[in-house]
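In what follows, a single structure is set out as structure tokens and then discussed.
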Amino acid sequence: MQHILDELEKRRDQARLGGGEKRIAAQHAKGKLTARERIDLLLDEGSFEEYDMFVEHRCSDFGMENQKFPGDGVVTGWGTINGRLVYVFSKDFTVFGGSLSMTHAQKIVKVQQMAARNGAPVIGLFDAGGARIQEGVDSLAGYADIFMENVMSSGVIPQISVIMGPCAGGDVYSPALTDFIFMVKDTSYMFVTGPDVVKTVTNETVSAEDLGGARVHAGKSGVADGAFENDLEAMTQVRRLVDFLPLSNREKPPVRESYDDAMRDEPSLDTLVPANPNKPYDMKELILKIVDEADFFEIGKDFAKNIITGFARMDGSTVGIVANQPQVLAGVLDIDASRKAARFVRFCDAFGIPIVTLVDVPGFMPGTKQEYGGLIKHGAKLLFAYAEATVPKVTVITRKAYGGAYDVMSSKHLRGDVNYAWPTAEIAVMGAKGAVEIIFRADIGDAEKLAAREAEYKERFANPFVAASRGYIDDVIKPHGTRRRIIRSLKSLKHKVLTNPWKKHDNIPL
Ligand code: HXC
């Protein structure tokens, strides 16, 4: 018996070596960890249960029958993060550059299906050269099988992708179908076609980093939801994110014991909004001061900074926060901000996470760039997302809520459950200056008259009381009590029941 056990251990040791020590050393030299080292950092110590360690490819073209590595370039299985079940696959770049064969794909599909059945997130760690070139169409079929599972699981279990090396071809489309993509700075990049193909087709010369590095996707394209310094930080932050999320749409978001007083007042908020309506302030200060222990996991931190999205807890329960940021472009809604927030709102709604919306928005961004880019359709995404969401929705207007943007930002009219305004709120069709220049166009040459009109308009509309008098605002609240008022509202909404009419699916303006 002993020799059988020894043989098993020998085979396991061999599988654990992936593509061999030389390639592992090369991986480390690039500042990257191996597939297994990453899993060790991601999961609770000793919790990883590996599947399919002995799977090998079945390709016999191009001499492949003589090049077999147990595991075939991907490590798969399950484990726990702070005691909660997650499934994981981690591409092993040391085996054929992590490229995808049919058997490699089957391993991934197996954990995807188990995760969906058992109601647990899937976390994919990517470091891979795309389709295994020697396998041809079998590899393409394998990718499509993975894509199918991604789509079927969307909205059922959270799916998280972490890009930790080069990712080309099929290895960018699976992440694109998942809920969140994170990248590692300097060592990871994603593109549909690499710099060489770009040069051939468009005659453009561009480096891999400038084409699809972490800074590009986290800051410019918005493909990635965050960029981390290194593998260790990436794994630690994914653990933190998972703590906020329900394991599936079949369970409620997790509740963690809170050591932050739910009734806590925050007197400094009474002076957060400057007297001058054109002066910015930092909306993040408000977020950090009202959520539990100032713990906020931001999604899309470096992209469309004029809107802030992320997860926090209030009295121990997860909430999704959406907030205009007056510090960037005055918090205006443009194409990128609308897309970013719409996707976040839909994630929260799919997984039963209540949404807290903090509003200070001067309207939609004017200009040809925005109109030619389809602002109408992109802005409609956010409107659509808020309107269809049935989770508890609590809104606080701190200052400006102008025009269509007032409607969009979780207003009462889009089934906002509890809508508060600070006394500093200005709820109107537009700002006073723009308004009087339109309705009193004849007075434009007369500065004194115009100033008087502006003062009159401000007096009439630059406040929350007109909206409150119509019941569009449930209460005008003192800023220092905002945390307490939101928490009490969320408690009252705990058993909210609201359903949309039956449909096969909706037709959100894509
Ligand atoms: C088979 C591959 C491979 C692949 C890399 N390798 N990519 N083997 N199929 N797709 C192997 C290499 O032969 C090498 O083997 C090892 O992995 C490491 O690769 P290197 O090139 O030495 O590493 P590096 O210089 O870091 O470059 C990494 C890379 C490059 C940028 C990923 O390898 C590359 O460009 N690969 C091809 C990418 C690609 O075009 N894939 C197909 C995309 S099409 P040894 O034995 O030397 O260690 C696609 C279609 C699906 O994916 C579409 C679905 C929608």
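Note on E7 and D506: the model spin-label points, each 7 Å out from Cα along the C-beta direction, lie 5.9 nm apart. How high is the relative contact order of segment 319-431, given as a whole-number percent (alpha carbon pairs under 8 Å, six or more residues apart)? This gives 29 percent for segment 319-431. Exceedance of the 22 Å cut-off in Cα-Cα distance is limited, within the set K381/K504; K305/K478; K305/K377; K279/K478, to K305/K478.
Take the Cα of K494, step 7 Å toward its Cβ, do the same at A294, and the gap between the two points is 2.9 nm.
The overall shape of the chain, judged from the alpha-carbon gyration tensor, is prolate: a/c is not under 1.5, and a/b is greater than b/c.
From the square roots a ≥ b ≥ c of the eigenvalues of the alpha-carbon gyration tensor of segment 252-319, which class results: rounded (a/c under 1.5), prolate (a/b over b/c), or oblate? Since a/c reaches 1.5 but b/c is at least a/b, the shape of segment 252-319 is classed as oblate. Within segment 412-429, find all residues whose amide N lies under 20 Å from a label point positioned 7 Å from the Cα of T271 along Cα-to-beta-carbon. Within reach of a label on T271: 422-425.
Per residue, the chain reaches -11000 deg cm²/dmol at 222 nm when only DSSP H runs of four or more residues are counted, each adding -39500 (n - 2.57). Distant-in-sequence amide contacts of I307, defined by a placed amide H-H separation under 5 Å and a gap of 5 or more residues or a different chain, comprise Q325. Here each label is just a point 7 Å from Cα along the line to Cβ, and for Q113 and V137 those points are 2.3 nm apart. Here the chain is assigned +1 on the Cβ of each Lys and Arg and -1 on the Cβ of each Asp and Glu. Its dipole about the Cα centre then comes out at about 1340 debye.
For segment 148-186 versus segment 55-119, the spacing of their alpha-carbon centroids is 15 Å.
Going by a ≥ b ≥ c, the root eigenvalues of the Cα gyration tensor, does segment 218-346 fall in the rounded group (a/c under 1.5), the prolate group (a/b larger than b/c) or the oblate group? Verdict is oblate for segment 218-346. Full extension of the chain between E229 and R58 yields a length gain of 57.8 nm, computed as 0.36 nm times the residue separation minus the alpha carbon distance.
Annotation: amide H of N463 within the under-5 Å range of I427, sequence separation 5 or more or interchain, hydrogens built in the peptide plane. Compared with the dominant principal axis of the Cα atoms in the chain, helix 335-350 is inclined by about 70°. Converting phi to 3J(HN,Hα) with the Karplus coefficients 6.51, -1.76 and 1.60 and the offset θ = phi - 60°, segment 102-118 yields 5, 5, 4, 5, 4, 4, 5, 4, 4, 6, 4, 5, 5, 4, 5, 5, 8 Hz in sequence order, with x at every glycine or proline.
Taken together, the values in this text are just the output of simple stated rules run on the coordinates, not laboratory data. What you see is a predicted model; the values in this text were computed from it and never measured. Note: ideal-geometry Cβ built from the backbone for every residue, glycine included; neighbour counts use all protein chains shown.
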